[in-house]
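All of the numbers you see were taken from the coordinates with simple rules; none came from a lab. The structure presented is a predicted model; accordingly, all values stated were derived computationally and were not measured. In this analysis, Cβ positions are derived from the backbone assuming ideal geometry, glycine residues included, and neighbour counts consider all displayed protein chains.
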Amino acid sequence: MDKAENKPAATAKSPAGLEGVVAAESSVGDVDGIRGVLIYQGLNIHDLAEHSTFEETVFLLWHGRLPKREELDALRRELAASQGLPEEVLALVRRIPRDAEPMDSLRTAVSALAFYDPRSRDLSREGALRTATRLTAQLSVLVASIERLRKGEEPVEPKPELNLATNFLYMLKGEMPSERVARIFDVCLVLHADHELNASTFTARVIAGTLAGMYGAVTGAIAALSGPLHGGANTNVMKMLLEIGSPERAEEWLRDALASKKKIMGFGHRVYKTEDPRSVWLRRFSKEMGEARGETRWFEILERLRELMFREKKLYPNVDYYSGSAYYLMGVPLDLFTPIFAVSRISGWTAHILEQYANNRLIRPRAEYTGARDVPYVPIDER
Ligand code: CMC
């Protein structure tokens with residue numbers, strides 16, 4: 001029997017890593033990897049980075065259009081009203097080992113949030129939007145609380161009058177960021193909000209496609225985001241910069257790394273074959289933060305590596321290349337960079353989950369079987 005006989009011929013073999021496979025219809029966002037264009041619900045990422053805020057972008061992703069003023073005010077109020085974490089979840093976070101990876105702590109805590117939300121299984125549009133609002137509000141509070149508690153400090157209460165970006169930085173440090181730093185961070189959240197069917201969003205849609213709850217779908221998405229080939233790359237870029245130490249060492253370091261066939265973190269992309277439009281903004285912020293803090297060497301190393309990588313491999317930086325250096329200069333610890341990615345991407349994950357629930361069909365592809373067939377069962381004592 002032909003091993004692929006029971007499958008439609010056209011889908012019998014798929015490209016490694018599902019490269020180029022269109023696995024869903026979506027109006028949430030689109031990536032044109034040839035021209036380097038990213039849109040959210042039709043709006044160009046450059047316009048959003050220039051003019052929008054994270055809250056407005058959240059509304060756009062969930063509703064498919066920009067909000068009117070009163071709609072944006074209502075969303076802000078709902079987010080502020082949803083920030084409180086259940087005491088039980090905070091108690092759980094307190095018991096997590098201090099040396100745990102914050103992404104693992106976040107995944108565990110988000111999973112536990114479902115226990116304390118009596119409407120966690122309400123998958124109606126209204127119910128799912130409510131859960132999306134809670135998750136978007138609570139993720140930033142959770143990440144800041146995880147950081148404070150692992151340092152032996154008490155979590156800082158969010159201030160309801162602040163936007164999500166400012167509140168996050170305030171809760172992290174217990175002091176207000178400057179207006180400029182808060183705005184840079186807000187734009188970083190806008191830039192990371194959605195990216196079509198990336199690995200974590202695909203994970204979320206697969207889970208939602210079984211009609212499992214939103215907390216479970218987001219828990220899975222956080223696990224997918226944590227890997228170094230996805231959101232984990234931003235932390236690894238900063239580790240690389242610290243290892244290199246100075247711009248003069250960049251070339252030698254890179255030659256050695258490429259000679260030993262290392263993947264250089266922050267370069268390359270499955271979809272972009274040109275410059276990632278988000279990195280244009282993050283590059284500016286990395287430079288600006290370096291100049292503002294009088295510490296330009298990270299940016300200089302990044303620029304040196306960028307030139308060399310283009311010359312040697314024709315590869316461009318991706319979204320994770322510059323973001324870490326900007327966060328680092330804001331005083332954010334390295335291992336919080338990926339949780340910050342989640343604080344933003346929750347908006348895109350939930351937009352895709354809402355879309356999946358609204359027009360659901362179980363996502364259940366096939367595998368190309370490469371194993372043996374007709375293998376006789378040998379009793380254990382005869383093996
Ligand atoms: N450093 C060195 N070589 C690279 C890199 C890199 N960062 N990225 C790709 N290549 C080479 C790769 O070795 C391969 O060469 P060859 O054809 O000679 O074997 C070729 O480029 C194609 O690479 P690939 O790994 O098959 O490409 P992919 O589409 O499977 O992987 C990627 C995409 C992003 C996982 C990969 O570029 C990578 O590992 N980059 C480093 C990690 C990283 O920065 N991840 C963040 C991704 S973007 C944001 C996000 O999703 O969080």
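Below is a table of values for the structure above.
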{"read-out": "GNM flexibility winner over the chain from LEU66, LEU362, LEU169 (Cα, springs under 10 Å)", "value": "LEU362"}
{"read-out": "Per-pair calculated FRET efficiency, R0 = 25 Å: ARG373 and GLU19 via Cβ, rounded to 0.05", "value": "0.35"}
{"read-out": "In nm, spacing of pseudo-spin labels at ALA223 and THR274 (7 Å Cα→C-beta vector)", "value": "3.8"}
{"read-out": "Ellipticity estimate at 222 nm from DSSP helix runs (n ≥ 4, -39,500 (n - 2.57)) divided over the chain, nearest 500", "value": "-17500 deg cm²/dmol"}
{"read-out": "The stretch 210-297: relative contact order in percent, alpha carbon pairs under 8 Å with at least 6 residues between", "value": "21"}
{"read-out": "Per-selection metrics, the stretch 249-383 (Cα): Rg and Dmax in Å", "value": "22.4, 73"}
{"read-out": "Reference-scaled alpha-carbon Rg (2.2 N^0.38 Å with N residues) for the chain", "value": "1.04"}
{"read-out": "Charge sum, other residues only, whose C-beta stays under 9 Å from THR201's C-beta, Lys/Arg counted +1 and Asp/Glu -1", "value": "0"}
{"read-out": "Sparse-neighbour loop sites [chymotrypsin sites (Phe, Trp or Tyr not before Pro); the stretch 188-272; at most 10 other C-beta within 10 Å; DSSP]", "value": "none"}
{"read-out": "Dimensionless Rg over Rh [the stretch 227-310; C-alpha; Kirkwood]", "value": "0.95"}
{"read-out": "Only Lys, Arg (+1) and Asp, Glu (-1) charged, at Cβ; the chain dipole about Cα centre in debye", "value": "520"}
{"read-out": "Highest-MSF residue in the chain out of GLU196, GLU154, GLU252 [GNM, Cα springs under 10 Å]", "value": "GLU252"}
{"read-out": "Relative contact order (%) - criterion: Cα under 8 Å, at least six apart; region: the stretch 86-168", "value": "32"}
{"read-out": "Computed over the chain: relative contact order in percent, which uses C-alpha pairs under 8 Å that are six or more apart", "value": "24"}
{"read-out": "Local electrostatic count at ALA292 - Lys and Arg +1, Asp and Glu -1, tallied over other residues with Cβ under 13 Å", "value": "+1"}
{"read-out": "Ranked by how many other beta carbons lie within 10 Å on average, peptides 363-373, 67-77 from highest", "value": "67-77, 363-373"}
{"read-out": "Whole-Å distance, taken between Cα centres, linking the stretch 199-278 and the stretch 314-360", "value": "10"}
{"read-out": "Surrounding net charge for PRO102, when Lys and Arg each add one and Asp and Glu each subtract one, Cβ distance under 12 Å", "value": "0"}
